[in-house]
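Chemist: Pasting a structure here, questions to come.
The values are calculated or read from the model by the stated rules, or taken from the named source; none is laboratory data. Model, not experiment: these values are computed from the prediction. Every residue, glycine as well, gets a Cβ built from its backbone with ideal geometry; the counts of neighbours run over all protein chains shown.
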Amino acid sequence: MPSTAYLVAVLAIVFGITLALRAIPFAVLRTLRTSAIVRQLSVWMPVGILAILAVTALHGTVTAEPRATLYALLAVAVTAGVHLAFGRRTILSVGIGTALYVALVNVIP
């Protein structure tokens with residue numbers, strides 16, 4: 001068993017690193033608010049997330065049965081439709097699209 005001093009030192013290092021990792025974003029928040037890069041990321045990240053969801057959903061269905069591919073395409077279309085229809089709310093559209101896909105795959109034989 002390691003000595004008490006060793007354990008205290010390890011815990012102090014872990015605490016320091018964790019505190020620093022949590023404090024750094026707040027320390028640079030003012031700079032990030034005026035950043036052009038962050039503004040661009042806020043525009044393109046939702047599209048990227050939806051693209052990753054679409055690729056992930058369709059990737060596993062290509063080798064599966066055709067019905068699974070149809071369900072994935074339907075879920076991707078619904079996700080894109082919800083995203084455009086309800087004010088580009090990414091969490092809402094991804095949640096509804098994912099729920100629809102899971103429901104289609106598990107409920108309809």
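Chemist: Let me spell it out: the conditions are (1) over 23 Å from the mean Cα position of the chain (by Cα); (2) in the same structural domain as Ala80 (by TED's automatic domain parsing), and Ala20 meets all of them except one. Which number is the exception?
Modeler: (2)
Chemist: Residues that are surrounded by 11 or more Cβ atoms within 10 Å (Cβ to Cβ), touching a helix residue (DSSP H, G or I) at 6+ places or on another chain (Cβ under 6 Å) and without any contact (Cβ under 8 Å) to a residue 24 or more places away in the chain: find the helices (runs of 4 or more DSSP H) completely inside region 1-87 holding 1 or more of those.
Modeler: Numbers: elements: 4-27, 29-33, 36-59, 66-85.
Here the list reads 29-33, 36-59, 66-85.
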